[in-house]
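Take a look at the structure set out below.
The values are calculated or read from the model by the stated rules, or taken from the named source; none is laboratory data. None of the values given here were measured: they were computed from a predicted structure. Positions of Cβ are generated from backbone atoms using ideal geometry, with glycine treated the same way; all protein chains shown enter the neighbour counts. Each accessible area value is taken on the protein alone, full model and side chains, heavy atoms only, with ligands, DNA and RNA left out. Shrake-Rupley method; radii C 1.70, N 1.55, O 1.52, S 1.80 Å.
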Amino acid sequence: MYLYHYGLRELPFTITPNTQFYFDLNSHHEAFEVVLTALKTGEGFIKITGEVGTGKTLLCRRLLNDIPDFFKTAYVPDSYLDPAELRLAIAQELDLETEEMTNQQQLARALQQRLLDINKNGQAVVILIDEAQALPEKSLEALRLLSNLETERRKLVHIVLLGQPELDERLSQKAFRQLRQRISFSHKLTAMNADETADYIAHRMDVAGYQGTPIFDWKLVRRLHRCSRGVPRLINMLCHKMLLLAYGEGRHQLSTRDLKLAVNDTEDTELTRSVWLPVTVSVCVLFLVAAALSYWQMGGSL
């Protein structure tokens, strides 16, 4: 691979969520603060939505790492679960022995008791559900019922739903109005602007160990931002392919041609007209100069 070529310790632009490369984007920072505020005020449901590739899973992992010790977390990455499978996944995340439980009633009682025991130890439970837009209807209802568990002073469980915009569409249905009304805090992740894109790329290169002069110049970053629409996952894919292309030709500096080839090889990116406008302008200038010279050589007449 190209690690030695660029003087890197590790690949800077993988699409696997890695908290080591976490960059505190404004949208992610706001989402993190929304979740913490909601948890501290004792809210039962919190919702975070964002388009594909905007970093929901990475945010989820940061929450798992940085939520205060007062909260005990349970992470459910697989949302294609029926109510029984969902309860079992939550119970296992909370270190509950489930092997000898023969029916759902027994599991439900044991889970409730486990929540009470955690509460007696001075903690509250936070359940993080990733890709929540895929939860079956009955599983969403099971979560709502689970959120009903509370003491006289506070709730036993808090639930953070992270999902694509389709989650909002599902919750807008009449069947989910009870659950929808319990979501008192929500936030929508947004894509990066051009300045954030530049800082994001520089941050990942730095974490990966790069110490040379910048490989991605400002003009190239602006074009890359337009092609990717500021979506972190797409930026990672394009940057990785551009580094590969330059490495394959023995170059260290990246070019607009590298970006064009990377875009052509990457789904959901596009070559916008503004990206190639400087090239078009240069061609037009050359054409006008050639026309002027021809006119002068003909003595200024047609």
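Points worth noting:
- Fraction of alpha-carbon pairs over 16 Å apart in the range 144-237 - percent: 68 percent
- Solvent-accessible area, 1.4 Å probe, carbon plus sulfur percent, for the chain: 52 percent
- Exceeding the 32 Å Cα-Cα cut-off - candidates Lys40/Lys174; Lys120/Lys174; Lys56/Lys174; Lys47/Lys219; Lys40/Lys241: Lys120/Lys174; Lys47/Lys219; Lys40/Lys241
- For Ala74, distant residues with modelled amide H under 5 Å away: Val126, Ile127, Leu128
- Calculated from the alpha-carbon coordinates, the range 87-211 shows an Rg and a Dmax of 19.2, 59 Å respectively.
- Shown here for the range 131-161: trypsin sites (Lys or Arg not before Pro) in loop regions (DSSP other than H, G, I, E, B) with at most 14 other Cβ atoms within 10 Å, namely Arg153, Arg154.
- Per residue value of the accessible surface for the chain (all protein chains in place, 1.4 Å probe), Å²: 53 Å²
- Summarising the overall dimensions of the chain from its C-alpha atoms, the Rg and Dmax are 25.9, 100 angstrom.
- Among the GluC sites (Glu not before Pro) found in the range 11-65, not one is both in a DSSP coil and sparsely packed, with 14 or fewer other Cβ atoms within 10 Å of its Cβ.
- Computed over protein heavy atoms with a 1.4 angstrom probe, the accessible surface ordering of Glu131, Glu196, Glu270, largest first, is Glu270, Glu131, Glu196.
- The Cα atoms of the range 97-147 cover 32, 29, 18 Å along the three principal axes, with the biggest extent listed first.
- Counted without the sites themselves, the longest stretch of the chain free of chymotrypsin sites (Phe, Trp or Tyr not before Pro) in a DSSP loop having at most 13 other beta carbon atoms within 10 Å is 81-302.
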